[in-house]
1. Return yes or no: is Ile381 out of contact with any Leu (no Cβ under 6 Å at 6 or more places or on another chain), modelled with pLDDT under 90, hydrophobic (A, V, I, L, M, F, W, C) and surrounded by 13 or more Cβ atoms within 10 Å (Cβ to Cβ)?
2. Considering only residues that are closer than 20 Å to Leu153 by Cβ and among the hydroxyl-bearing types (Ser, Thr, Tyr), which ones fall in segment 113-142?
3. Could you go through segment 197-204 and let me know if any residue there is surrounded by 11 or more Cβ atoms within 10 Å (Cβ to Cβ) and either polar (S, T, N, Q) or over 24 Å from the mean Cα position of the chain (by Cα) (or both).
4. Residue check: is Val182 within 30 Å of Leu388 (Cα to Cα) and in contact with a Leu (Cβ under 8 Å, 6 or more places away or on another chain)?
5. Considering Ser408, Ser363, Ser414, which residue is surrounded by fewer than 16 Cβ atoms within 10 Å (Cβ to Cβ) and in the same structural domain as Lys281 (by TED's automatic domain parsing)?
6. Limited to segment 261-286, what total is found for residues that are of a type outside the set (A, V, I, L, M, F, W, C) and under 32 Å from the mean Cα position of the chain (by Cα)?
7. Output the number of residues of segment 295-313 satisfying the condition of being assigned to a loop (DSSP other than H, G, I, E, B) and touching a Leu at 6+ places or on another chain (Cβ under 6 Å).
8. Residues to consider are Thr178, Thr109, Thr113; find the one that is within 26 Å of the chain's Cα centre (by Cα) and polar (S, T, N, Q).
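The values are calculated or read from the model by the stated rules, or taken from the named source; none is laboratory data. All of these numbers come straight from a predicted model, not from anything done at the bench. Here Cβ is always computed from backbone atoms with ideal geometry, including for glycine, and neighbour counts include all displayed protein chains.
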Amino acid sequence: MEPAPPIDPLKPLVDAVTRTRMRDMLLMAIAAASGAWIAPLDSPAGGAIAAVAFVATLRLVMPKGAWLWRAESLLPRPSNRPESALHDARILDRLPIPYLVLDAEARVTSCSTDARALLARDPRGQHIATVFRAPAVLAAIDSALADGTDESLDFTALRPRRRQLHATVRALKAADPTKARVVLALQDVTQMRQLDAMRMDFVANASHELRTPLAAITGMVETLQGPARDDHDNHHRFLGIIERESARMARLVDDLLSLSRIELQENIIPTGQENLALIVKEAVSATAALATQNGNTVTVDLGSDKAYVKCDRDELLQVFHNLITNAIKYGYARSPITITRVEGNSEQIGIRIQDKGDGIEPSLVPRLTERFFRVNKRESISRGGTGLGLAIVKHILTRHKGRLQIESVPGEGSAFTVWLPVIDVKEDPSDV
């Protein structure tokens, strides 16, 4: 093992002087002059030596000689991050999530813009119990503050209006219990729950509508195979029931398939251009046999001016076929049915189908376009109705940017007006 090199006691001083920069030398000169002036050792030379020794000592401590940099490093300096916490808060506030931050006492300390819009007020500074009167939410927040337990739940908010909300409670733990925080994230699921309810109602209603004729058919078949096997006198009646119920099921399935197809295309804008009067006249011709059978007189007055619409011809034909058929079925027998053109603004045209019948109660009019809704279910079934005709009309008109206006007076009859946007056509397609 080699012996350690001898230590030179002057080497640190030599290194310090060697690394001294010009400003360090200037600083030492100033210090020497000051020391000689003050002369703490009763002589100018002694004061200068003391001052230089003091500066050299500092130079050894700070070998880089970065006096100014060392001084600045001891002072508090602002963060180089842009607005730090304030910037982070702004980022969180712009997230498309309604959320609230609660302190250890369950008071709202922070609230996002979307949360304020959802609550229609600013809840900051308030206790969460004054924001939501939902025991399940309050219990979840208490549990998060006490045990750090996370939880997700659904509840009903009554203010500012009744809504279904999904809440997610997340605890932010801290060593000091008084510093604990809770994040409450909210999601408005009202529309989702309504769609789920509508879907379940639709399946239930469709199943019920199909089950009834299927049960009748099954019963007639079992009767023909069993007790009425040799009852030739009643075979014709039983077969008539089977035929009628089979036709009812076929109509229902056809309407369900039509409604499903229309809903799939509801967001696809039709591209065809048709003369609306020709479509209406074709629908009148298609229902002429039914009108004659019921003794109805159908009067059509669409004026001489042509009106063109952008449409799917088959779908609009189905709209007027359904409305004219309803006027025949639910109007009085041997009563007149009038189909007239109604002038709207320069961008719309209306076709009104008016019947004479029992009419509809005003409170029931808004529900007429609901699936499977019937004013009189027994009468509707006896006349071959499926409860889907006006729902189909509504969806077709929605796709065509149109609307259905319903007016009815009990004891006098009903009027259904189809409003559609018109287009300018330089050349008549029917003349090509």
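1. Judged against the criteria, Ile381 is a match.
2. So in segment 113-142, the residues closer than 20 Å to Leu153 by Cβ come out as 114-115, 118-119, 123, 127-142.
Across segment 113-142, the qualifying residue is only Thr130.
3. If we filter segment 197-204 for residues that are surrounded by 11 or more Cβ atoms within 10 Å (Cβ to Cβ), which is where we start, we get 198, 201-202, 204.
Filter again for either polar (S, T, N, Q) or over 24 Å from the mean Cα position of the chain (by Cα) (or both), leaving 204.
Checking segment 197-204: at least one residue is surrounded by 11 or more Cβ atoms within 10 Å (Cβ to Cβ) and either polar (S, T, N, Q) or over 24 Å from the mean Cα position of the chain (by Cα) (or both).
4. No: the conditions fail for Val182.
5. Selected residue: Ser363, the only one of Ser408, Ser363, Ser414 that is surrounded by fewer than 16 Cβ atoms within 10 Å (Cβ to Cβ) and in the same structural domain as Lys281 (by TED's automatic domain parsing).
6. Residues of segment 261-286 of a type outside the set (A, V, I, L, M, F, W, C): 261, 263, 265-267, 270-275, 281-282, 285.
Filter again for under 32 Å from the mean Cα position of the chain (by Cα), leaving 261, 263, 265-267, 270-272.
Here the count works out to 8.
7. Result for segment 295-313: 1.
8. Details: Thr178 fails: within 26 Å of the chain's Cα centre (by Cα); Thr109 fails: within 26 Å of the chain's Cα centre (by Cα).
Among Thr178, Thr109, Thr113, only Thr113 is within 26 Å of the chain's Cα centre (by Cα) and polar (S, T, N, Q).
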